Amino acid sequence: MIADLRVMTKHTAIDLFSGAGGLHIGFEKMGFDVRLCIDNNVVVARTHSRNYPHIPMINRDINQVPTEEIRSYLPEGKVDVIIGGPPCQGFSTIGKRASSNPDKRTRKDPRNELVYAYARIIRELKPKFIVMENVKGILTLEGGAYLQNVLDLLKDAGYNAQYRLINMANYGVPEIRERVIIIGNRLGLPVAFPKPDHSDNPDDGLPAWNNCWDVIKDLESLPDMPQFNHVALKHTEKNIARYKLIPQGGRLPENVLSPELYRKNFGNTFKRLSQDKPSLTMVPGNDAFPIHPTLNRTLTVREAARIQTFPDSIIFEGSRRQQGQQVGNAVPPLFSQKLAAFMLQQIEIAKKAGKYECD
């Protein structure tokens, strides 16, 4: 059904903070002509060059990229949809968040400034639609004032924009992954969001959440394959002993550990996935992927990428940690494809209402 929405005349898109390409993969699959990606990371640029050589990329600080340079990549200088996920670490609920003052726009974490660069480009390029993705932590940053300030910036730029906290598992991704999605348009249309097509509630009448095991079980017996991003971490004997104590779907039972296995802080990394449930969230930390459902090791980058719904054809460059960061930061391509299909529906609604060909 998704494929039926593809269009003969391609609508254009650009991807800001493109990372490993999770957002634009889905938009390309739905027929969008992705004209440009921007990201300020040399390893990401290598991943992009390897996997998406047909899409031009600007590998610089977005604050140093003038709008006219971006416009030069666009047919007649216009773009239909701008998509992007400003780096989430500045907002992440994992670890200590930086404080900011949205009124004076003095932000201690410079990564938070990138949201404003996104708004600046939108204001100057005037796409018909916008899509922004960020982590759940943006909801509570500065007591919600930061997010409201972002929405106010979009409103000042002429956009009706709203946000929604979305769990990717509700869209078929085999992972519990909550992200804030902002959708907006400057066509005078009410803002809408794609409806979930999976649920963990049988009363919803939707297919159940997909489990993570179905997408990684064929990798269980494979040897290390560096060229495939499938390399198991070499854990210490002490950590392996800890992993053996963790049941599927559970965490390390700290209260019954022997003295030699105990330590003061285990964090969130000693959790094992369940074969019959979606995965825990893939996070871009220091090799912080969850523990494999059946093996006493953490997930490989390829297993994490499978759970994130990346096709096996996408190869991630850099060290293992850098590969994992790219996977953990990405929007799942399956969700982005469904989001792109929904955006095509919105474009058709705008065209039928005679609102699409506005300046």
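The values are calculated or read from the model by the stated rules, or taken from the named source; none is laboratory data. Being a predicted model, the structure only gives us computed values, none of them experimental. We place every Cβ from the backbone using ideal geometry, glycine too, and count neighbours over all the protein chains shown. In case anyone asks, the SASA skips ligands and DNA or RNA and just uses the protein heavy atoms, side chains included. Shrake-Rupley method; radii C 1.70, N 1.55, O 1.52, S 1.80 Å.
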Provide the per residue accessible area, probe 1.4 Å, for the chain, rounded to a whole number of square angstrom. 46
Size of electric dipole in the range 10-90: Cβ of Lys, Arg +1 and of Asp, Glu -1, about Cα centre, debye, nearest 20: 220
Percent relative contact order of the chain, based on C-alpha pairs within less than 8 angstrom and at least six residues apart? 19
Residue span residue 321 to residue 254: 0.36 nm per residue of separation minus Cα-Cα distance leaves a gain in nm of 21.4 nm
At residue 296 and residue 148, where each label point lies 7 Å from the Cα along Cα→Cβ, what is the point-to-point distance in nanometres? 5.3
Counting only trypsin sites (Lys or Arg not before Pro) that are in a DSSP loop and have at most 14 other C-beta atoms within 10 Å, tell me the longest site-free stretch of the chain. 109-233
Karplus-derived 3J(HN,Hα), 6.51/-1.76/1.60, for each residue of the range 274-284, Hz, glycine and proline x: 9, 5, 10, 9, x, 5, 5, 5, 6, 10, x
In debye, nearest 20, what is the charge dipole magnitude of the chain about its Cα centre with +1 on Lys and Arg Cβ and -1 on Asp and Glu Cβ, if you could check? 720
Mind putting a number on the dipole of the range 229-286 about its Cα centre? Charges go on the C-beta only, +1 for Lys and Arg and -1 for Asp and Glu, and I need it in Debye to the nearest 20. 60
Over the chain, what percent of the accessible surface lies on carbon and sulfur atoms, probe 1.4 Å? 50
Please compute the modelled spin-label separation between residue 345 and residue 234, points set 7 Å along Cα→Cβ, answer in nm with one decimal. 5.1
Choose one of 161, 83, 257: the residue whose Cα lies farthest towards the positive end of the charge dipole of the chain (beta-carbon charges +1 Lys, Arg; -1 Asp, Glu; about the Cα centre). 257
Given the -39500 (n - 2.57) contribution per DSSP H run of 4+ residues, what per-residue ellipticity at 222 nm results for the chain, rounded to the nearest 500 deg cm²/dmol? -7500 deg cm²/dmol
